[in-house]
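The values are calculated or read from the model by the stated rules, or taken from the named source; none is laboratory data. Everything quoted here is computed from the prediction, not taken from an experiment. Virtual Cβ from ideal backbone geometry, glycine too; neighbours counted across all protein chains shown.
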């Protein structure tokens, strides 16, 4: 399965429709901002799909949902802490760390005001390299020119955890090159970098673009390193990127990953959260058609196995009404 040009058109059409919905907001409506990430990834269309469903019922709920492109998970969590966002899509591991004041958030107070709303797709940790860079394993990244994601992104935080496990620092690489997400395909294919790290749902438009521009491959991350990571962090799990999903990658790629989750502050109006959760879950079959990465989602999966922060009371109310949680 690949993300076709029709799928790309649908994603950008969806974003346009969300923008149009916002421009026609009525006086007195509750405007809810949802932080996502770069427009080239999955979080932005995920937020757009969510907002689109919420906005369809805005006349009844009096809620208008606005999707915002941001720097990613860490930026969203910081914005939630400061009150600059109402909701944000974040990696499950980073939500856990922010709530507990551990991991990369060890130097800031635990944000006990954070709440989980629901889980979305899994996010395999993805290592993409040019075939001529001679990178066949994760260990082969050492000494190479790489991009590990923007500061504030979840993928960079995950990579830094792996580096710590290996005893690596930034000096372990020939260079760590900062490249805008939109410029990554050109950077890899022009040999400005030898490899890049990406975390996101699959099939993924950004990964498809990279793998079709030049001769690339996705590298397995299947080793004792991953076993150790999973043992220490229950929010990680093994993941597989199916063979044939991307050009030049006919075999299954073994790796690991986290989940994308929607988070909100505990003091966000419970009825607003309830109405927004209801808008998505009551139309889940529709939501699943709005992006290929959502195709395998089911309601129980979106509620279970994500014990990283307490659920928001508004979300809990809906889940209990539908017997999704006790």
Within the range 97-107, work out how many residues are closer than 28 Å to residue 277 by Cβ and out of contact with any helix residue (DSSP H, G or I) (no Cβ under 6 Å at 6 or more places or on another chain). 4
What residue, among those in the range 227-246 that are surrounded by 18 or more Cβ atoms within 10 Å (Cβ to Cβ) and either touching a strand residue (DSSP E or B) at 6+ places or on another chain (Cβ under 8 Å) or at positive phi (or both), is modelled with the highest pLDDT? 246
As an exercise: evaluate residue 196 against (1) assigned to a strand (DSSP E or B); (2) within 27 Å of residue 306 (Cβ to Cβ) and give the number of the one condition it does not meet. (2)
Select from the range 223-243 the residues that are in contact (Cβ under 8 Å) with a residue 12 or more places away in the chain and more than 21 Å from the chain's Cα centre (by Cα) and write down the one among them that is farthest from residue 309 (Cα to Cα). 223
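Please specify each residue of the range 145-172 satisfying the condition of being on the phi < 0 side of the Ramachandran plot, surrounded by fewer than 20 Cβ atoms within 10 Å (Cβ to Cβ) and part of a loop (DSSP other than H, G, I, E, B). Spell out how you get there, then give the answer.
Taking the range 145-172 and keeping what is on the phi < 0 side of the Ramachandran plot, we get 145-148, 150-151, 153-166, 168-172.
Imposing the further condition that a residue be surrounded by fewer than 20 Cβ atoms within 10 Å (Cβ to Cβ) reduces the set to 145, 150-151, 160-161, 163-166, 168-172.
Matches in the range 145-172: 150, 151, 168, 169.
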Test: residue 138 is without any contact (Cβ under 8 Å) to a residue 40 or more places away in the chain, assigned by TED's automatic domain parsing to the domain that holds residue 247 and either within 24 Å of residue 272 (Cβ to Cβ) or surrounded by fewer than 23 Cβ atoms within 10 Å (Cβ to Cβ) (or both): no
Would you check which residues across the range 38-61 are more than 20 Å from residue 288 (Cα to Cα) and either crowded, with 18+ Cβ neighbours inside 10 Å or at pLDDT 95 or above (or both) and list them? 38, 58, 61
Identify, please: which residue in the range 247-276 is out of contact with any strand residue (DSSP E or B) (no Cβ under 7 Å at 6 or more places or on another chain) and in the same structural domain as residue 227 (by TED's automatic domain parsing) and is, among those, surrounded by the fewest Cβ atoms within 10 Å (Cβ to Cβ)? 250
Answer residue from the range 51-62, given it is touching a residue at least 60 places away in the same chain (Cβ under 8 Å) and in contact with a helix residue (DSSP H, G or I) (Cβ under 6 Å, 6 or more places away or on another chain) and is nearest to residue 183 (Cα to Cα) among those: 52
Residues satisfying the stated conditions in the range 211-221, i.e. under 13 Å from residue 126 (Cβ atoms) and either modelled with pLDDT under 85 or outside any helix (DSSP H, G or I) (or both): 216, 217, 218, 219, 220, 221
Could you grab me the full set of residues in the range 51-81 that are touching a strand residue (DSSP E or B) at 6+ places or on another chain (Cβ under 9 Å), more than 16 Å from residue 38 (Cα to Cα) and assigned to a helix (DSSP H, G or I)? 51, 52, 53, 54, 55, 58, 61, 80, 81
Could you list, in sequence order, all residues of the range 277-308 that are surrounded by 14 or more Cβ atoms within 10 Å (Cβ to Cβ), in contact with a helix residue (DSSP H, G or I) (Cβ under 8 Å, 6 or more places away or on another chain) and either without any contact (Cβ under 8 Å) to a residue 40 or more places away in the chain or not assigned by TED's automatic domain parsing to the domain that holds residue 55 (or both)? 284, 288, 299
Taking the range 26-37 and keeping residues modelled with pLDDT of 85 or more and either part of a strand (DSSP E or B) or out of contact with any helix residue (DSSP H, G or I) (no Cβ under 6 Å at 6 or more places or on another chain) (or both) leaves 29, 30, 31, 32, 33, 34, 35
Hits in the range 174-204 (condition: without any contact (Cβ under 8 Å) to a residue 40 or more places away in the chain, touching a strand residue (DSSP E or B) at 6+ places or on another chain (Cβ under 7 Å) and surrounded by 20 or more Cβ atoms within 10 Å (Cβ to Cβ)): 184
